[in-house]
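A.B. asks: Structure provided below as structure tokens; questions to follow.
Read-outs: derived from the displayed coordinates by stated rules, not from any lab. Keep in mind that what you see is a predicted model, and the values were worked out from it rather than measured. In this analysis, Cβ positions are derived from the backbone assuming ideal geometry, glycine residues included, and neighbour counts consider all displayed protein chains.
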Amino acid sequence: MDQDTVLKLLMYVVGFLVTWNVYLFKRTLDNERQQSKFELSVAKNYTSKEDLKEMLTSMESRLEKQLASFIKTIKG
């Protein structure tokens, strides 16, 4: 193979690789957007206000316990 043939072949290969990477990048972005939309719809439709209140109450009680334990540890 002469040098011109190798350069032409290399141009096609590089062009294909760049195009393939752009395609993969766009598909990845599309998949991430779809997943975000799905997670948002799940959060809107399947989480009730009562569930959120329970989660916040349990989180508050855990934080209070941890804070009390931390203060007790500091005081010795």
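A.B. asks: Modelling each spin label as a point 7 Å along the Cα-to-Cβ direction, I'd like the Trp20/Ile71 distance in nm, to one decimal.
C.D. replies: 6.2 nm
A.B. asks: Something else now. Under a point spin-label approximation (7 Å from Cα along Cα-to-Cβ), what is the Val13-Arg27 distance to one decimal in nm?
C.D. replies: Label at Val13, label at Arg27, 2.2 nm between them.
A.B. asks: Another one. For labels at Glu64 and Thr47 in the simple 7 Å Cα→Cβ model, what's the distance in nm?
C.D. replies: Distance between the two pseudo-spin positions: 2.3 nm.
A.B. asks: Express in nm, to one decimal, how much length is gained between Asp4 and Leu40 on full extension, taking 0.36 nm for each residue of separation and deducting their alpha carbon distance. Walk me through the intermediate numbers first.
C.D. replies: Values: separation 36, 0.36 × 36 = 12.96 nm, distance 5.40 nm.
Full extension of this stretch gives 7.6 nm more.
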